Amino acid sequence: MSIESLKLLGDWDIWKQLLEGMLVTVELTVSLLGVGLVLGVIVALGQVYGPRPIAMLMSAYERFFRAMPILVLLIVLNYGIAFAADIYNVSWLRLPTFAVAVMAFGLHSSAYQSQIFRGAILAIKPGQLLAARALGMTRLQTMRYIVLPQALRLAIPGWSNEYSGVLKDTSFVFAIGVTELTRKGWQIIQNTREVFLVFIVIALIYLLLTYLGTWLLELAERFWGVPGLTGQRREEHGRVI
Amino acid sequence: MAVSSKTIVRVEDLHKRYGAEEVLKGVSFTVRQGEALAIIGPSGTGKSTLLRCINRLTEPDRGRIWLEDIEITSPHTDINKIRQQIGFVFQDFNLFAHLTALDNVRLGLLKVKKLSKKEATERAMHELARVGLADQAHKYPAQLSGGQQQRVSIARALAMDPKLMLFDEPTSALDPELIGEVLQVMQQLAEEGMTMIVVTHEMGFARSVCDEVIFMEKGVIVEQGPPEQVFLHPQQPRTQQFLSKISELYGGTNL
Ligand SMILES: Nc1ncnc2c1ncn2[C@@H]1O[C@H](COP(=O)(O)OP(=O)(O)OP(=O)(O)O)[C@@H](O)[C@H]1O
Ligand SMILES: [Mg+2]
């Protein structure tokens, strides 16, 4: 890298390419977290409140997807779906690789997210559930109105951690041919040979995305914050120690 | 404190065991409309278990319970319907931590009774005013004192228009100076004719507010009668021992 290389930063085409890659990274991260959230909540509720066979099934699911390396999951799912589409000749199964990526990452993340939610659910004092049932609420109403609103709030810090983790893991999608931020970087390097500079820029973009995402989650935590349940703890702890 | 002749609750030969331990060994009694029944007895004798069996938060093993003429213990009874008619007040309040006092009281009205938001809010505010907390409606449980939390939990139960209120040691988790405000609300309720069963160590309350007292020990009713009789002329030696121990523990404040 030389002073000369810095000229590259004035090349709008390179910024455009990086921006395109960044958008794919963000879209993928948001979609996979969404899929993982829905599945993760279902798995957690099943583990905590399901009858034994359901709870065991959910635990098996969670262990399996936590055990699978994301790269293996991506390739196997991509190959498997294409294979099934060919064999049974179902055209709607010929999914775009982006959709396959969302699925693979979503399943993987749901296993991790389920444990964030399970922890959050178990942090709720069971007396509140008794009080809800004593009012005549059904089990489902109790989950809907008492457990979920509290568990989702309590899950935000863990969820923020999951966000920053998967954000960077999305670079693995190169394995099935999706071009996101890191992949774009490689492509730019192939033309410019500026390994160091390009990766510094990419690192800064990841830093920015991590900051932005976790900051938004902090805002959400504050927005939905409840005295004595969330937030505020920092001040309470600070006062003691 | 006008007690009518109409029976609200009838408990018949109630049994419950946890593993090898038989916690309730055949308990029977009735409560009439407008009656305030106190249940006293040492720790671990099954008082909470008995109370929870009445709205089937705990499933009894044997025996039957009626609310008016509906058998609560029948497998054909919709227990959620029954629970709407039985208020339950817990020792540790159990307010919903993510909801304000108003929303704690309003939730059952909105989601169980399916009232409109306007009706639910009016009713909830009325109940909060009844326990003297209209001005605290927008506070979260963590921002309220124990006594205030317990009064909110009473308002939450009252909002459902129950035929019967169950209190499980409602003042046991409170600092001494906060006990009075809760007992006062309960006394007012009793005077208004609410039918209630109160498990308590507050002998003063049992004596001056309740119409009937049951002394329970080791899963059976040892003695039952009007407060003057149980407190002043207990028939059973165990009752006498328990009462003298209690007055030792709680000092002279209770009578
Ligand atoms: N869920 C449970 N599983 C096993 N044992 C239980 C359970 N609930 C209560 N018990 C046991 O049943 C007995 C009676 O308990 P219960 O809570 O009804 O007593 P209590 O009279 O309310 O006592 P206290 O005055 O301490 O509240 C106790 O020995 C207790 O350990
Ligand atoms: Mg008890």
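The values are calculated or read from the model by the stated rules, or taken from the named source; none is laboratory data. Just so it is clear, the structure is predicted and the values come from calculations on it, not from any experiment. We place every Cβ from the backbone using ideal geometry, glycine too, and count neighbours over all the protein chains shown.
Does residue B:27 satisfy the condition of being within 15 Å of residue B:197 (Cβ to Cβ) and surrounded by 13 or more Cβ atoms within 10 Å (Cβ to Cβ)? So residue B:27 passes the test.
Looking across B:134, B:157, B:142, one residue alone is farther than 25 Å from residue B:55 by Cβ and within 11 Å of another protein chain (Cβ to nearest Cβ). It is B:142. Can you tell me which residue in region B:118-154 is farthest from residue A:236 (Cα to Cα), limited to those that are outside any helix (DSSP H, G or I) and in contact with a Ser or Thr (Cβ under 8 Å, 6 or more places away or on another chain)? If we take residues in region B:118-154 being outside any helix (DSSP H, G or I) and in contact with a Ser or Thr (Cβ under 8 Å, 6 or more places away or on another chain), then B:137 is farthest from residue A:236 (Cα to Cα).
Of all the residues in region A:64-88, those that are in contact (Cβ under 8 Å) with a residue 12 or more places away in the chain and under 17 Å from the mean Cα position of the chain (by Cα) number 7.
Listed by position, the helices (runs of 4 or more DSSP H) inside region A:68-135 whose residues that are over 30 Å from residue A:150 (Cβ atoms) and at pLDDT 95 or above number at least 1 are A:70-88, A:97-122.
On the stretch given as region B:60-93, residues that are of a type in the set (D, E, K, R), in contact (Cβ under 8 Å) with a residue 40 or more places away in the chain and within 14 Å of chain A (Cβ to nearest Cβ) total 1. Just one of the numbered conditions (1) closer than 29 Å to residue B:178 by Cα; (2) without any contact (Cβ under 8 Å) to a residue 24 or more places away in the chain is not true of residue B:106: (2). Tell me yes or no: at least one residue of region B:35-58 is free of Cβ contacts under 8 Å to residues at least 12 places away in the same chain and more than 16 Å from ligand 2 (Cβ to nearest atom). No - not one qualifying residue is present in region B:35-58. Looking only at region B:155-200, residues that are assigned to a loop (DSSP other than H, G, I, E, B), more than 16 Å from ligand 1 (Cβ to nearest atom) and farther than 18 Å from residue A:135 by Cα come to 3 in all.
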